[in-house]
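J.: Following this message is one structure expressed as structure tokens.
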Amino acid sequence: MNGILDSAVLIDILRSHAPALEWLGKQDQLGITSVSWLEIIEGAPDASAQRRAVGLLRRFERIDPSPQDFDWAIDHALRFRLSHNVDMMDCLIASTASRLSLPLFTRNLKHFMPLLGSLAQKPY
């Protein structure tokens with residue numbers, strides 16, 4: 001696997017955002033966390049959008065958090081929630097990228113840079 005997609009990138013793909021689609025076309029072996037899976041499903045306004053989202057999500061390898069990922073997420077939430085407004089789901093997503101030492105492709109560098117440093121990368 002070459003990297004992990006954050007929910008913001010998945011939303012851009014679902015919205016057919018040209019830069020996101022162009023970037024995605026040049027990638028292979030990307031994963032998504034089960035946390036992002038749930039965030040995308042939660043954002044689907046109706047059954048049709050949910051089916052479309054699931055079709056996209058199934059194209060990527062799903063990565064589930066480990067117990068150690070939860071420990072990492074808790075530690076980083078305590079360190080960065082108040083100072084950087086990082087939410088719990090972002091901490092769980094980042095924990096997986098940290099554990100696997102894989103880039104997390106995101107548009108939300110503000111939240112992920114404190115957690116991951118250079119592993120947080122803006123894809124387009």
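Derivation of every value follows stated rules applied to the coordinates shown; laboratory data play no part. As the structure is a prediction and not an experimental result, all values here were calculated from the model. Cβ coordinates were reconstructed from backbone atoms using ideal geometry, including for glycine residues, and neighbour counts include every protein chain displayed.
J.: If you take just the strands (runs of 3 or more DSSP E) that sit entirely in the stretch 1-109, which of them hold at least 2 residues that are more than 18 Å from LEU119 (Cα to Cα)?
T.: Details: elements: 3-5, 30-33, 61-63.
Hits in the stretch 1-109: 61-63.
J.: Only one residue in ASP6, ASP75, ASP12, ASP69 is acidic (Asp, Glu), in contact (Cβ under 8 Å) with a residue 60 or more places away in the chain, closer than 21 Å to LEU100 by Cα and surrounded by 11 or more Cβ atoms within 10 Å (Cβ to Cβ). Which one?
T.: On the way: ASP75 fails: in contact (Cβ under 8 Å) with a residue 60 or more places away in the chain; ASP12 fails: closer than 21 Å to LEU100 by Cα; ASP69 fails: in contact (Cβ under 8 Å) with a residue 60 or more places away in the chain.
Answer to the check: ASP6.
J.: Which condition does ARG62 not pass, out of (1) touching a helix residue (DSSP H, G or I) at 6+ places or on another chain (Cβ under 7 Å); (2) more than 28 Å from ALA20 (Cα to Cα); (3) surrounded by fewer than 21 Cβ atoms within 10 Å (Cβ to Cβ), if it passes all the others?
T.: Unmet for ARG62, out of (1) touching a helix residue (DSSP H, G or I) at 6+ places or on another chain (Cβ under 7 Å); (2) more than 28 Å from ALA20 (Cα to Cα); (3) surrounded by fewer than 21 Cβ atoms within 10 Å (Cβ to Cβ): (2).
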